[in-house]
Amino acid sequence: MDHSVKKLPDAELWVMQLVWRFPPPVPRAVIEQAAAESRPMAQTTLLTQLTRLAKKGFLRVEKQGRSSIYTPLVSRKEYGAVQSRRFLDTIFSGSISAFANALCDKALTPEELDELRRLLEEKRK
């Protein structure tokens, strides 16, 4: 796991989540359409976010005619794993038991606890 993966600002994370929704490489038009359906923003704003993500090493940009296509260089799974570890270390001083107690206390429904138990048992095998 690459611990150098930085935490993204909310706006950039939202754009990455759009990119992760589609099989790579993702044409800019597809990202623009997905953005327009969920949270309309100016095209220039979206392009600025995509450029920032490329500069930070999250996306590779390739020209395709007059447009661009984007390929994630950091997977959703990798980003989630690094940020989850960072959250655990920051909020719970790295204590998985303190984190689990907080989740069990009120954060998760009984169904979510059952799902978590199932996932943990699968990972154990």
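The values are calculated or read from the model by the stated rules, or taken from the named source; none is laboratory data. Fair warning: this is a prediction, and the values are worked out from it, not measured in the lab. Note that each Cβ is placed from the backbone with ideal geometry, even for glycine, and that neighbours are counted across all protein chains shown. Protein only, heavy atoms only, side chains kept; ligands, DNA and RNA dropped before computing areas. Shrake-Rupley method; radii C 1.70, N 1.55, O 1.52, S 1.80 Å.
For the residue pair Trp14 and Arg124, what label-to-label distance in nm results when each label sits 7 Å from Cα along the Cα-to-beta-carbon direction? It works out to 4.1 nm between the two label points. Orientation-averaged projection of the stretch 40-83 equals 3.8 nm² [convex hull of Cα atoms, one quarter of hull surface area]. Based only on the alpha carbon positions, what is the Kirkwood hydrodynamic radius of the chain, in angstrom? Radius from the Kirkwood sum: 16.7 Å.
Only lysine pairs 8 or more places apart, or on different chains, with alpha-carbon atoms under 30 angstrom apart are counted in the chain, and they number 21.
Assuming a ≥ b ≥ c are the square roots of the Cα gyration tensor eigenvalues, decide whether the stretch 3-45 counts as rounded (a/c under 1.5), prolate (otherwise, with a/b larger than b/c) or oblate.
Numbers: a/c = 2.32, a/b = 1.38, b/c = 1.68.
The shape class here is oblate.
Our summary gives the stretch 1-112 a relative contact order of 27 percent, counting only alpha carbon pairs under 8 angstrom and 6 or more residues apart.
For the modelled label position 7 Å from the Cα of Val30 along Cα-to-Cβ, which residues of the stretch 53-93 have backbone nitrogen atoms closer than 11 Å? Residues passing the 11 Å test: 69-72. A crude spin-label estimate for the pair Glu115 and Val61, with each label 7 Å from Cα along the Cβ direction, gives 3.6 nm.
Ignoring ligands, DNA and RNA, what percent of the accessible area of the stretch 1-123 is carbon or sulfur (1.4 Å)?
Result for the stretch 1-123: 56 percent of the exposed heavy-atom area is carbon or sulfur.
For the stretch 43-73, trypsin sites (Lys or Arg not before Pro) meeting the loop criterion (DSSP other than H, G, I, E, B) and having at most 10 other Cβ atoms within 10 Å: Arg66.
The modelled label-to-label distance for the pair Ser93/Thr51, using points 7 Å beyond Cα in the direction of Cβ, is 4.5 nm.
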